[in-house]
Every structure is written in structure tokens, then in C-alpha cells.
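Contents: one structure, followed by commentary.
The values are calculated or read from the model by the stated rules, or taken from the named source; none is laboratory data. None of the values given here were measured: they were computed from a predicted structure. Cβ: placed from backbone, ideal geometry, glycine included. Neighbour counts: every protein chain shown. These area figures cover heavy atoms from the full protein model, side chains too; ligands, DNA and RNA do not enter into them. Shrake-Rupley method; radii C 1.70, N 1.55, O 1.52, S 1.80 Å.
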Amino acid sequence: MNWNRNGMTGQVAPILDIRDIRKSFGAYQALKGVSLSVAPGEFLALVGPSGCGKTTLLKHVAGFEEPDSGAIAIDGQDMLGVPAAARPTSMVFQKLALFPHMSVADNIGFPLKLRKVDAGTIAKRVMAMIELMQLKPEYLTRFPRQLSGGEQQRVALARSMISEPKLLLLDEPLSALDVKLKKVLQAELKRLHRSVGVTFVHVTHDLEEAMMLADRICVMRAGEILQVGQPNDIYYRPADAFVAGFIGDTNLLPVEIRSVDAAGAAVAAPGIFGEARISAALMAPGLLAGPAQLMVRPELLAPLESDGRADFELDARVSEIFSKGGTVQYRAQLTDGSPLIFELAGSSTQPAGIGETIRLGFANRDIYLFQGGNAG
Amino acid sequence: MTGYPQPTPWLNARAEARLADVLLYGATGAVLLFFYIPIFTLIAFSFQEGRFLTLPFEGFSLRWYGELFRNSNAGNALWNSTLIAVVAMVFATLIGTLAAIVAVRYRFRLRIPFTGLAAAPLAFPQLLLGIVLLLWFSVLGRQFNFNTGLVTAIIGHVVYIAPFAMVIVAVQVFNFDATLEDAARDCGASNWAVYRYITLPLLWPGIFSAAIFSFLLSWGNFYLTYSLSGAARTLPTFVFSGIATGSSPLYPAIATVVFIPGILLVILADRMRRRAA
Amino acid sequence: MSAVIDRSWRDPALLGKALPAVLLQTTCFLAPLLMTIALTFQRTRDFQLSWTWSLHTWTDVFTKAHYWTILGHTLFMATLCVALCLLIAFPVAYALASRLRAFQNHVKVLITFAFLTDATLKTFGWVLFLDKNGAANYLARGLGFEGDAVNILFTDWATMLGMVYNLLAFAIFTIYLSIDEIDRSLVLAAYDAGASKFRAFWEVTLPLARPGIWAGAVLIFLLAVGVFLEPKVLGGGKSPMSAELIRQTFETRVNWPLGAALTMVLMTVAVFVVLLFNRVYSLKRHLGPA
């Protein structure tokens with residue numbers, strides 16, 4: 001649990017080091033002082049709502065944008081002023097940007113052709129990439145528009161990897177695919193990352209995708225980094241209410257911190273549950289007495305038997321039920337009127353129907369406490 | 001809950017569709033016929049045996065094509081037309097292509113005045129453009145001691161045709177995905193390599209159509225050549241003076257010869273455009 | 001689709017590409033035009049231009065009714081030509097965009113070829129066709145008509161026919177492009193709302209095709225006021241239009257200032273008419289269908 005806001009765990013020299021990058025387009029501040037380090041071989045996901053600056057940040061790394069101030073180093077080399085063509089990075093574009101007038105083989109081999117590699121070597125390397133991407137060799141002579149969406153993705157990946165870049169930058173390349181194909185290619189990306197060992201920086205607005213693929217996730221909003229950490233940390237110990245709400249469904253219960261000491265805090269939620277103790281490990285750093293938010297993920301709530309006990313207990317009146325296949329999500333109201341979401345494993349019988357009240361409980365260790373009355 | 005009744009049309013749907021079809025196909029057929037009446041008339045008259053352009057024909061022959069072959073004035077005019085058209089094509093296409101890239105790809109403060117200036121001759125009557133340029137070249141010619149001739153005719157053609165080329169290429173630039181250039185840079189391409197491997201090949205169908213359009217607009221141009229070519233004759237001005245002094249089937253024969261490269265080039269341009277689409 | 005790049009106009013990459021067109025059109029279009037305006041304020045003596053500033057030409061232009069009669073006739077012919085071209089071009093453009101799937105390209109090629117073929121030759125072709133002993137009457141007699149059934153050569157009708165013929169393609173292309181851009185689902189939405197084909201056309205397609213109709217109209221009008229070949233060759237030079245008058249002023253009377261002034265008057269009036277129409281048209285749109 002040794003994450004910090006922008007650094008990495010461990011002491012390896014970073015492959016990518018971004019220091020306090022600022023960029024404005026006219027009056028609009030796209031990046032407001034962003035710092036980030038990526039370790040060699042890491043898979044980092046940049047997530048955030050649209051317009052948060054994640055793609056802009058990626059373009060700065062690729063060399064399509066120059067920052068107003070700050071520094072970017074790749075493998076210890078300062079990259080400011082170095083054009084995109086000369087950077088040891090490779091990008092997979094959102095719309096793939098396959099060259100429509102070149103065959104698949106020419107597309108994949110293009111980076112090597114520009115590096116004046118002889119034709120025989122190019123052909124051999126292209127063949128190797130085709131195999132790595134599990135594409136059929138007869139596709140080599142086809143043109144991009146003759147391939148399916150998934151095959152085009154693989155060609156784009158092959159073209160990005162053939163020059164053996166130090167950093168592979170992915171700009172939401174899976175966003176246009178249907179769910180099923182997306183799942184296949186996500187698994188493919190993970191496999192690829194493990195087998196070639198290149199550092200991946202993957203921009204996405206799909207959280208599930210980020211959680212699945214990345215070693216670390218970097219959450220951005222409005223040109224700033226809110227939190228960097230491992231998927232579990234981000235999910236269960238978000239930096240603030242925004243990150244908590246952005247990453248999956250969540251419950252933020254308004255509570256009052258009565259007192260704080262070194263071991264933890266005493267909180268109460270009038271009308272929901274009585275006073276309880278929370279240990280310091282489950283609190284955001286620097287909390288003071290006053291209004292706060294108690295986060296508990298919907299899947300960590302469980303119905304209580306009539307004689308059952310839990311660290312926290314509350315009554316909720318079910319207002320809507322959504323079946324999600326394997327799980328069922330319930331939307332309910334607490335006794336004081338505030339909303340609550342809980343998710344249970346699907347079963348043939350429902351513990352409560354619409355309009356019925358159910359008693360729920362959750363464990364002390366499953367919560368996280370942070371500042372703010374109405375943040376987010 | 002019955003909702004509102006369906007609106008009642010004044011014709012039933014099938015009758016309406018049939019009426020629309022008759023109107024549209026009819027109009028298209030009629031306009032095509034209209035376009036080709038003079039063209040077919042000329043082709044027909046070129047095979048007239050006698051020397052008068054009236055019907056009925058005295059007989060069919062290729063006599064006037066032979067005359068055309070031996071007529072040195074006609075040969076001269078053909079050469080001048082070709083020379084002017086080739087040179088004007090190269091310059092008009094080049095200038096128009098660059099201007100199209102500027103007008104579509106970039107946003108800058110003087111974009112609207114630039115586009116307006118670059119396209120202005122498109123909406124200027126050709127005869128008046130010819131006259132205005134004739135005055136200009138006459139005044140300059142007196143100053144710098146030159147006469148109007150092939151060079152001034154070519155300049156006039158380029159002024160008039162470059163805007164056409166610009167409009168044609170602009171359509172291609174508009175449909176061009178600029179991230180492809182970024183992708184090429186990311187692959188390691190220098191500015192020159194981006195142009196050579198990406199920009200030019202992808203704009204090529206538009207540039208090619210523009211070149212063919214330019215060639216034909218210049219090849220068949222009458223008004224500008226008439227004002228600006230001085231003593232030199234091109235096919236159109238040669239025909240015009242021929243009609244003015246009394247006609248013979250020689251002129252329909254010239255027309256027919258002129259049509260052949262035209263239709264071939266138009267078909268070629270269309271093939272290129274469709275292959276790119 | 002194409003990303004727009006923000007640039008300063010001083011950017012060398014931009015300037016390099018813009019410069020050829022700017023140089024060409026300033027030295028060989030704008031400058032000659034300005035010189036032509038300057039010329040109108042000069043005088044001629046013994047068929048020679050003398051650079052002395054005077055308003056002589058302009059008093060001449062504004063006092064002779066003859067010039068203005070011809071200008072009025074020219075504007076009338078041009079307006080009629082625009083109306084006819086739009087009327088004929090619209091169904092063809094619509095058919096090209098909505099029907100003719102298989103033949104669309106063939107029709108386009110045929111129209112393009114006819115458009116690009118030398119106007120002199122085509123106009124000459126019309127003379128042969130319309131001549132008293134020409135193809136039209138030959139065909140008419142064959143169909144059983146008496147005497148010279150087609151007898152319009154060397155009249156204003158023949159001039160109009162030639163003008164429409166030579167300018168029609170502009171309207172077909174501009175209208176076709178704007179119809180082709182219309183999102184097909186908008187028309188389907190109109191059907192879905194209960195509109196008949198004609199109603200959907202009237203309420204959706206036609207209003208959305210307006211930019212193309214307008215562009216075609218402006219282009220044809222400006223080119224039509226400058227025609228010279230058609231009135232001379234097909235109209236027989238009997239009722240001259242402005243361009244012919246201007247040509248005579250330059251060539252026969254060798255009066256450059258007067259020719260330049262008449263050119264300026266013609267262009268100014270033509271542009272003024274276009275702006276006026278544009279004004280009325282946008283006013284009507286703003287006020288709505290009253």
C-alpha cells in the first residue's frame with residue numbers, strides 16, 4: 001500500500017518520465033501540470049472522462065504536441081523538440097490510421113522501409129509480426145478495407161510493434177469494436193504485453209478495460225492527475241469521491257466524523273447507523289472531524305438473516321431491480337431517503353421485491369472513508 | 001388509444017412513385033439527348049461528301065478528314081492547342097492543388113480572403129476576363145516590349161483554370177484523413193517521406209481528375225484564346241474564324257477529331273476517381 | 001473527416017503553398033482588374049489611349065440610353081437563362097443522386113464530356129442543326145411537317161437555347177452535390193412521419209438542396225451576363241448583348257476607356273443583382289413563410 005500520487009513503486013529507472021507538463025490551447029488549459037513515471041515493461045492505463053486531457057498527454061509523449069512548459073524523458077533522453085518521427089515510441093490510433101492505399105504487408109513494413117531496412121529483412125520481420133498477431137499469411141496482399149474490424153486492429157498493432165519501440169502508445173483503439181470482439185482483443189493485448197515485454201501506455205475511457213489490462217491505472221480529470229495506483233487500490237481506496245464514482249458503481253454514505261486519533265476515527269450516520277470505529281488504514285490521509293463520506297462498493301453489501309449481525313447494519317427499501325446476468329443489482333432507499341446500490345449473486349429466488357424492505361450489512365474492513373460532504 | 005389518423009396523400013403511393021420515375025428518368029434522358037444533339041450533328045456532317053453543310057447529304061465520305069490532314073493551318077492550330085493545354089494543365093493543377101490544401105487543411109486569419117481570391121475567376125465571365133487581361137498585357141507589352149501570343153494565352157488559361165483545379169482537389173483533401181500523416185510520422189517518416197508515401201498517393205485521384213479537367217478546359221477554350229493568343233490560332237479560334245468566313249465540312253471534321261481525346265480522358269478520369277473511392 | 005490545423009498565416013509551410021495562387025491571381029487577375037478601373041478614367045485620342053485623367057467616359061456611359069437598353073436586355077436574358085437552367089437541372093441532378101444506380105457514372109461521364117467540349121464547336125453544331133436546311137428541319141420533314149417547321153436560328157430564342165445549353169451543366173453539378181450530401185435517413189424520417197414522396201421531397205430534400213441551387217444560380221448568372229458566342233453565332237448578332245457591345249468597343253471602335261467602363265458597369269450590376277437576391281432571399285428566410 002505504498003502508492004503515492006504520481007510516482008511508481010520500486011526504484012527502477014523509469015522508461016517514461018513526465019515532469020510538470022503544462023499545455024494550453026488558447027484560453028483552454030488542457031494539461032495543468034502533469035507528472036507521471038512509467039517503469040520499463042509496465043502496462044499503464046490512462047483513464048478519465050472525455051476532455052480530461054488523457055489523449056493530449058499521449059500526444060505529448062508521441063511528439064504530436066509540444067508542451068508549453070515541463071519536460072518529457074524517454075529512457076533517460078530528453079524528448080522536448082524531438083519530432084514524432086525520431087522518438088522511440090509507436091502509436092496505435094483511435095481510428096487505427098491504416099494507410100488505405102497500401103497492402104497489409106506494406107502497412108506493417110512501412111516503419112522499417114523508412115529506416116532503410118533491406119526488402120528481404122522487412123519481409124521476414126513482417127512475416128514474424130503476422131505470426132505474432134495470429135493473422136493469416138494470405139492477408140498480406142489484401143488492403144485494409146478488405147479486413148474486418150478485429151483484423152484491422154491486429155494489423156495496426158503489428159505496424160506499431162515492428163520497429164521495436166520502447167513505448168507503445170494506444171489511443172482508445174478498441175473503443176469502436178463491439179463488446180465480444182473487444183473482449184477477445186483485450187485478452188490479445190494482455191498476451192502481447194506479456195510476450196514482448198514492451199511498455200504499454202493505454203488510453204481508455206472504459207474502466208473495466210483498464211482494470212482488466214493494466215498494472216497501474218492513472219485517473220485524470222480536467223487536465224490533472226487525480227490518482228495513480230494499482231487497479232485494486234484505485235477501486236477500493238479511491239483518492240476522492242470523483243475517482244470513486246468514476247470507477248464503477250459505488251455508495252457514498254454521508255457520515256459525521258466525531259473524533260480522530262492515531263488509531264482511527266469514530267463516525268456516525270444519524271438515521272442510518274449508530275457510532276462506529278474505523279481504523280486509520282481505511283481512511284484517506286489527513287481526515288479531520290466533520291462531515292465525511294463513507295464508501296462501500298455495492299457487491300460488498302449482503303442481506304442479513306433475521307438474527308444475523310454485521311459491523312454496519314442498515315435497512316433499505318428496494319425501488320428497482322436490474323438483472324445483470326450473473327449478478328442482480330438493486331437500487332434502494334435508506335431510512336433517511338438517501339440512495340443505496342447493492343449487488344447480489346443471481347439466484348432463482350429474490351431476497352426482496354420492489355417496495356419491500358431488506359436488512360443489509362457490511363464489514364468494517366470493506367469500507368473507505370474520505371473527506372467531503374458533496375464532492376464529485 | 002387510437003392516436004391520430006394517418007395523413008392522406010393526394011395520390012396513392014404507387015402512382016406517386018411511378019410519376020416521380022417518369023419525370024426523373026424522362027428529364028435525364030431528354031437532357032442527355034439535348035447535350036448530344038450538336039455533337040452528333042457535327043459528327044454526322046463531317047462525313048458529308050459535298051462542300052455544303054446542308055441535308056440531305058450528297059454522299060458519305062472521309063474526304064474532309066483528308067483535307068484536314070493536308071491543311072497546314074489546321075495542323076498548326078492542333079499543335080498550338082495541345083501545347084497550350086499541356087503547359088496550362090501542369091501549372092493550373094500545381095497551383096490549384098497547393099491552394100486546395102491551404103484552403104481546406106489550415107485555419108488561419110486570412111483564409112476567407114485567400115479562398116475568395118484563389119477562386120474568384122471561376123465566377124468571372126471568360127470574355128471579360130480575356131479583355132481585362134488583354135488590356136493588362138497590352139499596357140505591360142508596351143512598357144516591356146512584348147506582344148500577346150502563346151505565352152499570354154497560357155497565362156490567361158492558368159488564371160481561369162487553376163480555380164477549377166482547386167475546387168476538384170479540395171473535395172479530395174476534404175475527405176483525406178489527416179491522422180494518416182501523423183501515423184506516418186509516428187512510423188518514422190520525415191516531412192518529405194510523408195508527402196511522398198502518404199499525402200500525394202492519397203490525393204492523387206483528385207489531382208489526376210483536376211489535371212484532366214484542366215487539360216480539357218484549356219484544350220477547348222475559345223474566349224481567352226481569342227483575346228490573348230495574338231496571331232497564333234488554336235482549334236477553337238480556327239473553327240470560329242472558319243464559321244465566320246463561310247463553312248465547309250472541314251470544321252465538323254475538326255470537331256470530331258477534337259472529341260476523341262476528350263471522351264477518352266473523361267472516361268479515364270472517372271475510372272481513376274472510382275478506383276480511389 | 002479531415003482535421004483542420006490552426007496556423008498563423010506567416011507559417012512558411014502554409015505560405016509556400018498559398019503563394020503561387022496568391023501571386024498568380026494578384027498579378028493576373030486583381031491587378032488587371034484595378035488597372036481596368038483606372039483605365040475608365042482616361043481618354044482616347046485618334047484611337048490611341050492617352051493617360052490623362054478625366055470623367056469623360058463615365059458621363060458618356062451615363063448619358064447614352066443605348067448602353068443601358070443593351071444591359072437591360074442582357075440582364076433579362078441572364079435571369080431567364082438561370083430560371084430555365086435550374087428548372088431543367090433539378091430533376092436531372094435529383095435522378096443522378098437518387099436513381100440511376102447502375103448508370104450513374106455513365107450519365108456523369110456523358111454530361112462531363114459534353115460540358116468540357118469546346119463551346120465554339122458545340123455552338124457551331126447547333127447552327128448546323130437549326131439551319132433552315134439543317135438536321136432539325138430534315139427530321140421534321142421526315143416526320144411529315146410542312147416547310148420549315150424549325151425556324152428559330154438567328155433569333156433570341158436560339159441565343160437562349162445556346163446559353164442554356166452551355167451553362168446547364170454548372171447547375172446539374174452544384175445541385176447534384178448538395179442533394180448527394182443529404183442524409184438519407186432524414187427523408188426516411190419524413191416518410192415515417194407520414195409524408196408522401198412528394199411531400200417529403202418538398203419539405204426535406206428541396207430545402208436542404210438550397211445551397212447547391214443557390215451556388216448554381218449565382219455561377220450561371222455571372223457567366224450568362226458575359227456570353228458573347230451564343231448571341232453572335234446563334235442569335236446572328238441581331239440583338240447584341242453587353243459582352244458583344246464591349247468587344248466591339250475594344251476591337252472596332254478601339255475605345256479602351258469606354259470598353260473598360262462598360263465592363264465595370266456590367267460586372268458591378270451583375271454582382272449587385274446577386275447581392276440583392278441574396279438579401280431578399282435571406283430576409284424571407286428570417287421572416288419565415290408569412
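For the full complex of protein chains and a 1.4 angstrom probe, list B:Trp79, B:Trp219, B:Trp192 by accessible area with the highest value first.
Details: B:Trp79 150, B:Trp219 25, B:Trp192 175 Å².
Putting B:Trp79, B:Trp219, B:Trp192 in descending order of accessible area: B:Trp192, B:Trp79, B:Trp219.
Given a Förster distance of 30 angstrom, what is the FRET efficiency for A:Val184 paired with A:Asp249, based on the Cβ-Cβ distance and rounded to 0.05? Show your work: numbers first, answer last.
Values: r = 26 Å, r/R0 = 0.85.
Computed FRET efficiency for A:Val184 and A:Asp249: 0.70.
Multiplying the sequence separation of A:Arg194 and A:Arg309 by 0.36 nm and subtracting their Cα-Cα distance, what value in nm do you get?
In short, 36.9 nm is gained.
Between B:Asn76 and C:Arg45, what FRET efficiency comes out of the Förster formula 1/(1 + (r/R0)^6) with R0 = 51 Å and r the beta carbon distance, rounded to 0.05?
Numbers: r = 38 Å, r/R0 = 0.74.
Result of the calculation: an efficiency of 0.85.
Using helices alone, I'd like the mean residue ellipticity at 222 nm for chain A: each DSSP H run of four-plus residues gives -39500 (n - 2.57), total over residue count, nearest 500. Working shown, then result.
Details: 8 runs with 84 residues, N = 376.
Roughly -6500 deg cm²/dmol at 222 nm, from the helical runs in chain A.
In units of 2.2 N^0.38 Å, what is the alpha-carbon radius of gyration of segment C:57-287?
On the way: Rg = 21.0 Å, N = 231, 2.2 N^0.38 = 17.4 Å.
Against the empirical 2.2 N^0.38 Å value, I get 1.20 for segment C:57-287.
Restricted to Cα positions, what overall size does the protein assembly as shown have along the principal axes? Three whole-Å values, descending.
Answer, in whole Å and largest first: 116, 73, 64 Å.
In what order, largest first, do C:Tyr94, C:Tyr191, C:Tyr165 sit by accessible area if the probe radius is 1.4 Å?
Working: C:Tyr94 45, C:Tyr191 75, C:Tyr165 5 Å².
Largest accessible area first, the residues go C:Tyr191, C:Tyr94, C:Tyr165.
Helix-only estimate, please: 222 nm mean residue ellipticity of chain C, summing -39500 (n - 2.57) across DSSP H runs of length 4 or more and dividing by its residues, to the nearest 500. It would help to have the intermediate numbers written out before the result.
Working: 14 runs with 199 residues, N = 290.
Only helices count here, giving -22000 deg cm²/dmol.
Only bridges with both residues in chain A count here: give the DSSP antiparallel percent, nearest 5. Can you show the working numbers first?
On the way: 65 of 84 bridges.
Percent antiparallel among DSSP bridges in chain A is about 75.
Quick one: net charge of C:Asp6's neighbours, Cβ under 11 Å, K/R +1, D/E -1?
Details: positive: B:Arg105, B:Arg107, B:Arg109, B:Arg111, C:Arg7; negative: C:Asp11.
Charge balance near C:Asp6 sits at +4.
Please give me, ordered by residue number, the GluC sites (Glu not before Pro) of segment A:318-365 that lie in loop per DSSP and have at most 14 other Cβ atoms within 10 Å. Don't jump to the answer; show the numbers that get you there.
Values: sites: A:Glu320, A:Glu343, A:Glu356; in loops: A:Glu356.
Counting only loop positions with at most 14 other Cβ atoms within 10 Å, the GluC sites (Glu not before Pro) in segment A:318-365 are A:Glu356.
Given a cut-off of under 8 Å on Cα pairs at least six residues apart, what relative contact order in percent is computed for chain B? Don't jump to the answer; show the numbers that get you there.
Working: 299 pairs, mean separation 81.9, N = 277.
Once normalised by length, the contact order is 30 percent.
Gain in length, A:Ala222 to A:Arg365, computed as 0.36 nm per residue apart minus the alpha-carbon separation, to one decimal in nm? Don't jump to the answer; show the numbers that get you there.
Details: separation 143, 0.36 × 143 = 51.48 nm, distance 3.20 nm.
Working it through step by step, the gained length comes to 48.3 nm.
Output wanted: per-residue J couplings in Hz (rounded whole) for segment B:233-243, from phi through Karplus 6.51 cos²θ - 1.76 cosθ + 1.60, θ = phi - 60°, x for Gly and Pro.
Those phi angles translate into 10, 10, 3, x, 6, 4, 5, 4, 5, x, 5 Hz.
What pairs in A:Lys166/A:Lys324; A:Lys136/A:Lys182; A:Lys54/A:Lys190 have C-alpha atoms more than 31 Å from each other? Don't skip to the answer; put the middle values down first.
Numbers: A:Lys166/A:Lys324 40 Å; A:Lys136/A:Lys182 20 Å; A:Lys54/A:Lys190 21 Å.
Where the Cα-Cα span goes over 31 Å, the pairs concerned are A:Lys166/A:Lys324.
Kindly report, to the nearest 10 Å², the accessible surface of C:His56 as traced by a 1.4 Å probe over protein heavy atoms only.
Per-residue accessible area (C:His56): approximately 90 Å².
Find the eigenvalues of the gyration tensor of the Cα atoms of segment A:285-376, then list the square roots of 5 times those eigenvalues as equivalent ellipsoid semi-axes, largest first, in whole angstrom.
On the way: eigenvalues 128, 41, 35 Å².
Each semi-axis is the square root of five times an eigenvalue, giving 25, 14, 13 Å.
In the protein assembly as shown, carbon and sulfur make up what percent of the accessible area (probe 1.4 Å)? The partial results should precede the final answer.
Numbers: 26480 of 43530 Å².
That share works out to 61 percent.
Helix-only estimate, please: 222 nm mean residue ellipticity of chain B, summing -39500 (n - 2.57) across DSSP H runs of length 4 or more and dividing by its residues, to the nearest 500. Working shown, then result.
Details: 12 runs with 203 residues, N = 277.
Calculated at 222 nm, the ellipticity per residue is -24500 deg cm²/dmol.
Could you work out how far apart the two model spin labels at B:Arg142 and A:Ser24 are, taking each label as a point 7 Å from the Cα in the direction of the beta carbon, and quote it in nm?
Going from the B:Arg142 label point to the A:Ser24 one covers 5.9 nm.
Let me check something: with ligands and nucleic acids excluded, how do A:Lys324, C:Lys197, A:Lys180, C:Lys17 order by accessible area (1.4 Å probe), largest to smallest? Show your work: numbers first, answer last.
Working: A:Lys324 110, C:Lys197 85, A:Lys180 165, C:Lys17 25 Å².
My answer, sorted largest first, is A:Lys180, A:Lys324, C:Lys197, C:Lys17.
What nm distance separates the two modelled labels at A:Val117 and C:Ser54, each placed 7 Å from Cα along Cα→Cβ?
In this crude spin-label approximation the distance works out to 8.1 nm.
Between B:Trp204 and C:Phe145, with labels modelled 7 Å along Cα→Cβ, what's the label distance in nm to one decimal, could you check?
5.2 nm
What accessible surface, in Å², does a 1.4 Å probe find on A:Val243, ignoring ligands, DNA and RNA and rounding to the nearest 10?
Ignoring ligands and nucleic acids, A:Val243 comes out at about 0 Å².
Which of rounded, prolate or oblate describes chain B when judged by the alpha-carbon gyration tensor and an a/c cut-off of 1.5?
On the way: a/c = 2.00, a/b = 1.14, b/c = 1.75.
Taking the square roots of the gyration eigenvalues as a ≥ b ≥ c, chain B is oblate.
Computed FRET efficiency, Cβ-Cβ of C:Leu34 and B:Tyr65, R0 56 Å: what is it to the nearest 0.05? Provide the component values of the computation, followed by the final result.
Values: r = 48 Å, r/R0 = 0.85.
Rounded to the nearest 0.05, the efficiency is 0.70.
Keeping all protein chains in position, work out how much accessible area C:Arg199 exposes to a 1.4 Å probe, and write it in Å² to the nearest 10.
Accessible area, nearest 10 Å²: 130 Å².
Taking the Cα centre of each part, how many Å lie between segment A:142-194 and segment A:279-345?
Segment A:142-194 and segment A:279-345 have Cα centres spaced 39 Å from each other.
How high is the relative contact order of chain C? Use alpha-carbon pairs under 8 Å, at least six apart in sequence, and give a whole percent.
26 percent
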